[in-house]
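The values are calculated or read from the model by the stated rules, or taken from the named source; none is laboratory data. None of the values given here were measured: they were computed from a predicted structure. Ideal geometry is used to build each Cβ from the backbone, glycine not excepted, and the neighbour counts take in all protein chains shown.
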Ligand code: ADP
Ligand code: MG
């Protein structure tokens, strides 16, 4: 016997073993999905062969009547799912069925809680796949012959779903794969062909390949006797779902199709199905998922639509059809213009792709806009899942900036909770008379931002401020610039100019106070020296003695901290120290003759301004020492 034909026993990769185990134990309440997964794999295998056959027709040869067969053997208690698709070689079987190549697998397994219901959902999101066979079977046999290989090069893979599997070479007359499931005692409901047919209809009606089962009927034989007859019957509609007309597709069919292409377990949140005719001729069906995947924030993770050309599957994850900030959108695009030989490289250069991308981007944004209008609650769910990614939009897609701006949601000083639920349109509609800017504050988290001293005057005057605390927020704001003709203003930048929001009396009072505190400002400036850009009086504070602000054209503190924590030193960054003349501590400081005490008090106020905005002190020990000294003097 040649070496390659030998039977060998191999172990599952650790992650595969864990997933297998989970599959058996957490999904038993939804047993029937195994059939969806196996049909989905069979259909994928046929799609792949059709595609490879474009360049190498000999791979398909005579056997070009593509179909998936489901057979039941009641005596042996088995069902088998067979296809005449691309098949697998011995090496492929070992790798594809024994390991999990998906990125983030370890991270996913770590995220499981042990709570079966929650975990079942997580596994669903991760994609259940081939291992779902073990939900219903105690032994799974896979027999496969890869396209282009001889009958004697076929392979059999067997596992009872524990740590190991066996592989050996076998003879197999036809190309393709058969998965044979020996059903567990509590799964023999699936031996009922009527039940099985219903499941196929439910989950695989949209699969473009026919799914064939045996149909028993009573016929008459040559002698005129009644006899049981068996005939093949196609169980599904077997027409690519997107090629059918919208009006004849049920919501459930759209949902099942989504699960088929996305490997998601949950229903999609919404979708949009469109046929475009004219200069370009294509059909698209795009979906917004209900839950974010694990790798949403990883910009390199695979993404994109499934590409078909004239109903022939060409590739998964064609990322050229949507911008990166819409990477959560799933779906298919089927073009009648592209060449069947199109490759990833060619896609990048094709001018037709560019206009399809623009149209699909607009379609996806319109879909979100419609969702926001129609069902604010659902849109909120969408935002909580995917808002972080949509926030990348204004920087990436200049042309759609306005459209995206309308889709953004923020927490504000009006809401007192960190839920990002307010649109800019809402904010603008609530702006005060005389207010010409959209104000925002940025900090590391909601609490710090919402309690920033910089907000004091706004709270006093009842002016709403956007409260930003996501890592991406300052980056986002640097690209937004304006909305509805109103500029954005970071409350931590520049000297506060409330414009028409201040009356004449307030302005006169300010000028008076500034004169009064001129000497104090000079003393503090001399003391702080190089530490600050400038010292000045402010009217933005009511309760706090002082705060730190950056110049209008400087990078904000939040962004600076993020970049610096990533090891990137940023030049500049000196800030202006603003003092509140209304605060009793400043009045005290103004009267302080003792130089040491003046210095200590000033430094403490300066350091506190740093602490209040969530910053770090250069010399925390000195701060503590000074503060304690002052406290002791107080009690003396
Ligand atoms: P996925 O379908 O998401 O890739 P699965 O766990 O369902 O994950 O399948 C794992 C892999 O096994 C597939 O990617 C494919 O390479 C291989 N495979 C499974 N079923 C078949 C089949 N019927 N024909 C050919 N290859 C298959
Ligand atoms: Mg699969």
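Could you check how many residues of region 27-49 are buried (at least 21 other Cβ atoms within 10 Å of the Cβ) and more than 10 Å from ligand 1 (Cβ to nearest atom)?
Total meeting the criteria: 4.
Can you confirm whether residue 560 is out of contact with any helix residue (DSSP H, G or I) (no Cβ under 8 Å at 6 or more places or on another chain), modelled with pLDDT of 80 or more, assigned by TED's automatic domain parsing to the domain that holds residue 626 and in a helix (DSSP H, G or I)?
Here the answer is yes, as residue 560 does meet what is asked.
Go through (1) more than 16 Å from ligand 1 (Cβ to nearest atom); (2) part of a strand (DSSP E or B); (3) in contact (Cβ under 8 Å) with a residue 12 or more places away in the chain one by one and return the number of the condition residue 280 breaks.
(2)
What single numbered condition from (1) over 17 Å from residue 206 (Cβ atoms); (2) in contact with a strand residue (DSSP E or B) (Cβ under 7 Å, 6 or more places away or on another chain) fails to hold for residue 285?
(1)
Being without any contact (Cβ under 8 Å) to a residue 60 or more places away in the chain, within 15 Å of residue 390 (Cβ to Cβ) and in a loop (DSSP other than H, G, I, E, B), is that true of even one residue in region 309-320?
no
Going residue by residue through region 10-24, is there one that turns out to be away from ligand 2 (no atom under 16 Å from the Cβ), assigned to a loop (DSSP other than H, G, I, E, B) and surrounded by fewer than 18 Cβ atoms within 10 Å (Cβ to Cβ)?
Yes, that holds for at least one residue.
Within region 177-184, does at least one residue satisfy the condition of being in contact with a helix residue (DSSP H, G or I) (Cβ under 8 Å, 6 or more places away or on another chain) and modelled with pLDDT under 90?
no
It is to be established whether one or more residues within region 373-394 are under 26 Å from residue 441 (Cβ atoms) and more than 18 Å from the chain's Cα centre (by Cα).
yes
Based on what the data block shows, is residue 95 buried (at least 19 other Cβ atoms within 10 Å of the Cβ), under 22 Å from residue 167 (Cβ atoms), in the same structural domain as residue 40 (by TED's automatic domain parsing) and within 12 Å of ligand 1 (Cβ to nearest atom)?
Spelling it out, it is not the case that residue 95 is buried (at least 19 other Cβ atoms within 10 Å of the Cβ), under 22 Å from residue 167 (Cβ atoms), in the same structural domain as residue 40 (by TED's automatic domain parsing) and within 12 Å of ligand 1 (Cβ to nearest atom).
Just checking, does region 297-314 include any residue being more than 16 Å from ligand 2 (Cβ to nearest atom), crowded, with 16+ Cβ neighbours inside 10 Å and more than 30 Å from residue 85 (Cα to Cα)?
no
Could you grab the pairs with beta carbons closer than 6 Å, sequence gap of 6+ or different chains, first residue in region 500-526 and assigned by TED's automatic domain parsing to the domain that holds residue 431 and modelled with pLDDT of 85 or more, second one assigned to a helix (DSSP H, G or I) and surrounded by 14 or more Cβ atoms within 10 Å (Cβ to Cβ)?
These pairs meet every condition: 520/590; 524/602.
Has region 248-262 got at least one residue that is modelled with pLDDT of 95 or more and assigned by TED's automatic domain parsing to the domain that holds residue 154?
So far as region 248-262 goes, no, none of its residues is modelled with pLDDT of 95 or more and assigned by TED's automatic domain parsing to the domain that holds residue 154.
So which residues in region 235-270 are outside any helix (DSSP H, G or I), more than 16 Å from ligand 2 (Cβ to nearest atom) and under 25 Å from residue 309 (Cβ atoms)?
Within region 235-270, 236, 237, 238, 239, 240, 244, 245, 249, 268 meet the criteria.
Could you grab me the full set of residues in region 98-121 that are within 16 Å of ligand 1 (Cβ to nearest atom) and in a helix (DSSP H, G or I)?
Those that are within 16 Å of ligand 1 (Cβ to nearest atom) and in a helix (DSSP H, G or I): 98, 105, 108, 109.
Regarding region 585-603, can at least one residue be identified that is at pLDDT 80 or above, farther than 19 Å from residue 529 by Cβ, assigned by TED's automatic domain parsing to the domain that holds residue 618 and buried (at least 19 other Cβ atoms within 10 Å of the Cβ)?
yes
What single numbered condition from (1) touching a strand residue (DSSP E or B) at 6+ places or on another chain (Cβ under 8 Å); (2) assigned to a helix (DSSP H, G or I) fails to hold for residue 338?
(2)
Could you count how many residues in region 65-81 are crowded, with 20+ Cβ neighbours inside 10 Å and part of a strand (DSSP E or B)?
Matching residues across region 65-81 total 4.
Given the criterion away from ligand 2 (no atom under 16 Å from the Cβ) and part of a loop (DSSP other than H, G, I, E, B), identify the matching residue among 58, 62.
After ruling out the rest, the residue left standing is 62.
Go through region 122-195 and tell me which strands (runs of 3 or more DSSP E), entirely inside it, have 3 or more residues that are within 12 Å of ligand 1 (Cβ to nearest atom) and outside the structural domain of residue 262 (by TED's automatic domain parsing).
137-145, 176-183
Tally up the residues in region 196-211 that are in contact (Cβ under 8 Å) with a residue 40 or more places away in the chain, more than 16 Å from ligand 1 (Cβ to nearest atom) and in a helix (DSSP H, G or I), please.
Counting residues in region 196-211 that are in contact (Cβ under 8 Å) with a residue 40 or more places away in the chain, more than 16 Å from ligand 1 (Cβ to nearest atom) and in a helix (DSSP H, G or I) gives 3.
Before we move on, is residue 73 on the phi < 0 side of the Ramachandran plot and within 16 Å of ligand 2 (Cβ to nearest atom)?
Against the criterion (on the phi < 0 side of the Ramachandran plot and within 16 Å of ligand 2 (Cβ to nearest atom)), residue 73 does not qualify.
Looking at (1) without any contact (Cβ under 8 Å) to a residue 24 or more places away in the chain; (2) crowded, with 23+ Cβ neighbours inside 10 Å, which is the only condition residue 145 fails?
Just one mismatch for residue 145, condition (1).
Residue by residue, here is whether (1) more than 14 Å from residue 130 (Cα to Cα); (2) at pLDDT below 95; (3) over 27 Å from the mean Cα position of the chain (by Cα) holds:
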{"position": "1", "(1), (2), (3)": "yes, yes, yes"}
{"position": "4", "(1), (2), (3)": "yes, yes, yes"}
{"position": "7", "(1), (2), (3)": "yes, yes, yes"}
{"position": "19", "(1), (2), (3)": "no, yes, no"}
{"position": "22", "(1), (2), (3)": "no, yes, no"}
{"position": "32", "(1), (2), (3)": "no, yes, yes"}
{"position": "40", "(1), (2), (3)": "no, yes, no"}
{"position": "54", "(1), (2), (3)": "yes, yes, yes"}
